[in-house]
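For reference, the structure is listed below as structure tokens.
The values are calculated or read from the model by the stated rules, or taken from the named source; none is laboratory data. This is a predicted model, so every value here is computed, not measured. A quick note on method: Cβ atoms are made from the backbone with ideal geometry, for glycine too, and the neighbour counts reach across all protein chains shown. These area figures cover heavy atoms from the full protein model, side chains too; ligands, DNA and RNA do not enter into them. Shrake-Rupley method; radii C 1.70, N 1.55, O 1.52, S 1.80 Å.
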Amino acid sequence: MAPFVYQATPSRVVFGPGSLEQLGEEIERLGARRALVLSTPEQAESAERVASLLGGRAAGIFAKAVMHVPIETARAAREEAARLGADCAVAIGGGSTTGLGKAIALESALPILAIPTTYAGSEMTPVWGITEAGVKKTGRDARVLPRTVIYDPQLTLTLPYAMTVTSALNAIAHAAEGIYAHDGNPVVALMAEEGIRASAAALRPLNADPRDLSARSDALYGAWLCGTVLGSVAMGLHHKLCHTLGGSFNLPHAEVHTVILPHALAYNASAASEAMARVARALGGVNAARAVFDLAKSHGAPTSLQSIGMPADGLDRAADLAASTPYPNPRPLERGALRALLQRAYDGVPPDA
Ligand code: NAD
């Protein structure tokens, strides 16, 4: 076995249907007395429910989280936290809401308690992102890692099916890249393989019944593992491409992950054969890239960049951007091969596997 470094993620996870009821105890455990509750406008009702569970420990609600954490929203939330004398932030929602909590913690070091309702996985990472003047800046900072995460599958019953599929593929992407990460290790590889298996296996029963609580639990369990992988090791080509496409062309987050993943895996296949075998095994397939493509297609998810708003004349710039920034990846980045990858993804044809 090759030498490795393993660094555990120092967060507490409370998992299970109905676990939201443990919120009071968990807040007490953090020693917090005045929690600011965060959500998107669409999930304001969930924020109200959280505030009522907190009772006297709720300082207020800020239900203005939006995608990619604009600096104006981050400032407004920070000011609200200071005005209310908050000593903790409770974020209920997807990656956008968790991201807003992180923006507050980055400046104030307030502890975050996250209650995820998608499979994006941000709650398990020390990675923050803030968008200023159209440019998304990201960084790693231990202060932004949520101290406690409550995973209650009941809160995911309302996640629309289309988003369920793309969000689960977003999770699978974290795990797939974690297996071939240059700083990977055997524990992360185990979590990644199991995370991919659980996330993919949940989709079929959820297709039949999006309110299947047992399948929702499996999907959220998978998301936890995949998020832990994302927070533990460095990401490669796939995440870089998604960051470029999302940031420079404003494409929707989970959908762009869904479209790009099969093509990024095909690009890396020859340089990471063991990792590909693990991904394929987790999906019950033979070829990792093809198995991911088929999984997305069979569940009605988008498979082309064209269908999610990518302009055809942006492909050259995207290839330039991806090839110009050095980052760790099993196969060296060649501009011509990346341009061909992007064309296939744009057209929605199967990966070159
Ligand atoms: P999101 O948080 O933007 O949510 C999308 C929409 O779905 C919102 O309107 C939200 O209110 C709604 N929603 C969420 N859960 C729901 C539920 N259970 N029922 C009904 N509606 C629900 O989407 P996302 O994909 O979770 O997050 C994307 C954002 O997270 C991006 O900005 C991305 O960059 C960021 N992200 C960051 C990290 C990290 O480690 N920093 C990791 C993953 C994603």
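Quick rundown of the values:
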{"read-out": "Test: residue in segment 173-184 that is within 11 Å of the ligand (Cβ to nearest atom), outside the structural domain of Gly101 (by TED's automatic domain parsing) and closer than 30 Å to Ala35 by Cβ", "value": "yes"}
{"read-out": "Hits in segment 211-246 (condition: more than 13 Å from the chain's Cα centre (by Cα), closer than 24 Å to Pro262 by Cβ and open to solvent by 40 Å² or more (accessible area, probe 1.4 Å))", "value": "Asp218, Tyr221, Lys240"}
{"read-out": "Helices (runs of 4 or more DSSP H) within segment 247-344 that include 3 or more residues closer than 27 Å to Tyr161 by Cα and open to solvent by 50 Å² or more (accessible area, probe 1.4 Å)", "value": "288-298"}
{"read-out": "Pairs where the first residue, in segment 111-131, is not assigned by TED's automatic domain parsing to the domain that holds Thr40 and the second is of a type in the set (S, T, N, Q) and part of a loop (DSSP other than H, G, I, E, B), C-beta under 6 Å, 6+ apart", "value": "none"}
{"read-out": "Any hit, segment 121-136, residues being under 24 Å from Ala272 (Cβ atoms), small (Gly, Ala, Ser), under 15 Å from the mean Cα position of the chain (by Cα) and modelled with pLDDT of 95 or more", "value": "yes"}
{"read-out": "Cβ pairs under 8 Å, 6+ apart, first in segment 335-353 and polar (S, T, N, Q), second part of a helix (DSSP H, G or I)", "value": "Gln343/Leu315"}
{"read-out": "Residue that is within 30 Å of Arg143 (Cα to Cα), modelled with pLDDT of 95 or more, small (Gly, Ala, Ser) and not assigned by TED's automatic domain parsing to the domain that holds Gly94, where the choices are Ala269, Ala254", "value": "Ala254"}
{"read-out": "Residue list for segment 231-282, restricted to those being of a type in the set (Phe, Trp, Tyr) and over 12 Å from Glu177 (Cβ atoms)", "value": "Phe249"}
{"read-out": "Residue list for segment 143-169, filter: within 11 Å of the ligand (Cβ to nearest atom) and in a loop (DSSP other than H, G, I, E, B)", "value": "Leu145, Pro146, Asp152, Leu157, Thr158, Leu159, Pro160"}
{"read-out": "Lone qualifier among Asn207, Asn170 - being touching a residue at least 24 places away in the same chain (Cβ under 8 Å) and buried (at least 24 other Cβ atoms within 10 Å of the Cβ)", "value": "Asn170"}
